[in-house]
Amino acid sequence: MPCGGSIGTAAIGVTGGDTVADWLDELNPAQCEAVTHGDGPLLIVAGAGTGKTRTLACRVAHLIQEGVPPERILLLTFTRRAAAEMIHRCGHVTGRQTAGQVWGGTFHAVANRLLRVYGRALDLADGFTVLDQSDAADLMNLVRTELGFAKRKRRFARKSTLLSIYSRMVSADRPLEETLETHFPWCQDDAEPMRQIFEGYARRKRDGRLLDYDDLLLYWSALCVTPKVGEVVSGRFDHILVDEYQDTNPIQAEILRGMHRRCRNICVVGDDAQSIYSFRAATVRNILDFPKQFPGARTVTLEQNYRSIQPILAASNAVMEQARERYTKDLFSDRRSDQKPILMTCVDERGQCDVVCTLILEHLEQGIPLMNQAVLFRTGHHSAMLEVELSRRNIPFRKFGGLKFVEAAHIKDMLALLRVLENPFDEISWFRILLLLDGIGPRTAARIMDHLGVRQSPPASNGVDDVDANPVSPLQRLAVDPPTVPPASREHFGRLRTVLSECCGTRVNGKADNGKPRPKQRQQGLSLSTQVDRIRSFYEPIFERIYENPQIRLRDIDQLSQIAAGYRSRSRFLTDVTLDPPETTSDLAQAPFLEEDYLTLSTIHSAKGCEWTVVHIIHAADGMIPSDMAVGDEDGIEEERRLLYVAMTRAKDSLYVHFPLRYYHRRFDMGDGHGYAQRSRYLTDAVCALFEQRTAGVDDDLDLDEETTRAADPYGRVSRLWKA
DNA sequence: GGCATGTGTATTTTT
DNA sequence: TACACATGCC
């Protein structure tokens, strides 16, 4: 295999050739070694911007050209977008058709796919529902309420916290006490009630055919060690490749070990300096211990960075130099430049917004489209003020991270209605739907659900005729033998009955079509989009009563219908929407909008794996980066440092780090009290020396334009007199 | 008993 | 804004 000895900047993109040989010519020796590695485990330690994606895509193409059937290659990535991107690139060489047969996706999405096929081996009825985070939290809440914790002398952990604790415990595979002690010390007193809640939660999931995100992984792992099926599943692939391995958790590593039974060729790629998901129980141990866990593994290290100019890399490296543990790589770049990254000190957040907007427009005029520019921040709401300003100036943008479309209450309502059709035993969805109806609260909802047999917990079932091997579907029950409901809700309830019956093909007052009313039952007659329409006309009147500004929300529902229109299968639609939700509301924007040039706003977490010509990092103040929630322990502080490193290394040519001097603490009120911020602790003097320092909108800025004048704050000025 | 309404309180990152 | 909890009304 020919490997080009030297490479130039041409290696950044896929330029000429359309064979693997041409590609290999453009790779550096280390990349080439990784791509052409033969059989056996392979660890690729790849620093930021070292052409990791390219290498992985190229390896897949190489394997296919060597004769490995594409459908026997499994490519696990962090987001589905990343998988699609890689398979797309690989398609340049092998042809789209061929590349499209590669199994690609997140661990969760692949788990789902495998479980749909082999789940029966685990006693997992087909037609299971995947719970997203807030569904899971709702179920947690349901159990908590039921157990009735009368001891409310103190505030109990909120439902999302309960779920975090549970999830962390499960995905790190550590006992409750330890989890609480290390990560949730303020909840330690409630360990006992939590045990009961978790017990109930797990049981309810099992009984209701519900899998949360962690379950998808757990069940996949279990599949691997199941006697006969384990062989089949792990024997299904010749090669497994895993991207972003530093952000996998112990269960995911366990899955790989399980798959290793039959599949000898496991290849993982990652960078210990970029691990930023420990809150999800990800651990760098996975990558560090890989050679131990997979004996005979070969290790290849990629150190040449093709993305950033040297000064940006120098500043990024300087940030990491103070890390508690040193990292093994030494990144270097051939891309010389005299332009240092810029540290911009602003008066306050307002000033920061102004300068960011101004710089973005300047770069745009210099010919850098918005597509190649991004603004990164620590948490979703950090961009709130900037979003307003961008809109005011008509700068189009898309935001990644933060609140998602599917998390909106009204979207969840719609989905709940569809889910009940798909899986009539889905308790949370029933509960959600019933509470929408006037005059029905938790108690009545629970009574109705009992009547319908939504939760058929096996031991409690006293019925002789409906053994749980083949229980009567709650939907059948609803049609044939409706429960009594309070007068106030009679009308709404009747409409609910009608719409559900229409959609699932049962007849109100008719007889149950004998036999097997399993959740899997085919949609009889009504297409998915017709079902969505029906549900919608049922829901809209309720919706208009509940929500204050239905207009805006109504548009979301339109968009949901649009997405659904792209699907034939209801089940496929539902799982896709929970496993790979549209990232932003504008993801759903109509085609013409997508053509437009737009700026990217993103949380640093969501920016992983991406790159832009110009990058702005905002709120580089202590308390923001690092977030003051993370400064409790040293590990947290170290992780935030890596977070800043990840953010900085996204930039190719220009990096701006913005630091607002003053913050108003209007957390819950509109007071105008404020305090002065500290520069992020990671930006030490040594690091700052590698930046060009500028100020924006402060007193000595003689070039006052309208914006900066508006940013001036008389109160702030005088208050300095007594604030020293 | 059960539901609707009001009030006070927060901690981030995501499959 | 959303959620946990307390009170008031049927």
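Read-outs: derived from the displayed coordinates by stated rules, not from any lab. Please read all numbers here as calculations on a predicted model, not as lab measurements. Positions of Cβ are generated from backbone atoms using ideal geometry, with glycine treated the same way; all protein chains shown enter the neighbour counts.
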Anisotropy class of the stretch A:299-344 from Cα gyration tensor, a/c 1.5 cut: oblate
So, counting K/R as plus one and D/E as minus one, what does the shell of residues with Cβ under 9 Å around A:HIS451 add up to? 0
What is the gain in length, in nm to one decimal, between A:GLU231 and A:GLU66 on full extension, counting 0.36 nm per residue of separation less the C-alpha to C-alpha distance? 56.9 nm
Gyration tensor (alpha-carbon) shape descriptor, the stretch A:258-383, a/c threshold 1.5: prolate
Apply the Karplus curve 6.51 cos²θ - 1.76 cosθ + 1.60, θ = phi - 60°, to the phi angles in the stretch A:59-75 and return the couplings in whole Hz, x for Gly and Pro. 5, 4, 4, 4, 4, 5, 5, 7, x, 6, x, x, 6, 9, 10, 10, 10
Contour minus Cα-Cα span, A:LEU288 to A:CYS688, at 0.36 nm per residue, comes to 140.9 nm
Using a simple spin-label model with points 7 Å from Cα along the Cα→Cβ vector, what separation in nm is obtained for A:ASP334 and A:ALA202? 5.5
At 7 Å along the Cα-to-beta-carbon direction for both A:PHE279 and A:ASP438, put a label point, then send me their distance in nm to one decimal. 4.1
Where Lys and Arg each count +1 and Asp and Glu each count -1, what net charge lies around A:LEU131 among other residues with Cβ under 14 Å from its Cβ? -3
Env charge @ A:GLY38, Cβ radius under 14 Å, K,R +1 / D,E -1, value -1
When a footprinting reagent is the concern and you count Cβ atoms within 10 Å, what order do A:PHE543, A:PHE279 take, fewest first? A:PHE279, A:PHE543
Each label point is 7 Å from the Cα along the Cα-to-Cβ direction; what then is the distance between the points at A:ALA297 and A:VAL480, in nm? 5.6
Taking neighbour counts of Cβ atoms within 10 Å as a proxy for exposure, in what order, fewest first, do A:TYR219, A:TYR676 appear? A:TYR676, A:TYR219
Compute the FRET efficiency between A:VAL117 and A:GLN97 as 1/(1 + (r/R0)^6), taking r as their Cβ-Cβ distance and R0 = 25 Å, and round to the nearest 0.05. 0.65
Which distance in Å, rounded to a whole number, links the C-alpha centroids of the stretch A:266-308 and the stretch A:345-408? 32
Report, by chain and number, residues whose modeled amide H sits under 5 Å from the one on A:ASP212, excluding near sequence neighbours (fewer than 5 apart, same chain). A:LEU131
Residues A:ILE546 and A:ARG447, FRET efficiency given R0 of 30 Å [Cβ-Cβ distance, rounded to 0.05]: 0.85
How do A:ILE395, A:ILE360, A:ILE312 line up, fewest other C-beta atoms within 10 Å first? A:ILE395, A:ILE360, A:ILE312
Within the stretch A:261-301, report the trypsin sites (Lys or Arg not before Pro) that DSSP leaves as loop and that have at most 16 other Cβ atoms within 10 Å. A:ARG261, A:ARG262, A:ARG264
How high is the relative contact order of the stretch A:131-215, given as a whole-number percent (alpha carbon pairs under 8 Å, six or more residues apart)? 43
A student applying the Cα gyration tensor rule (rounded when a/c is under 1.5; otherwise prolate if a/b is larger than b/c, oblate if not) would label the stretch A:596-648 prolate
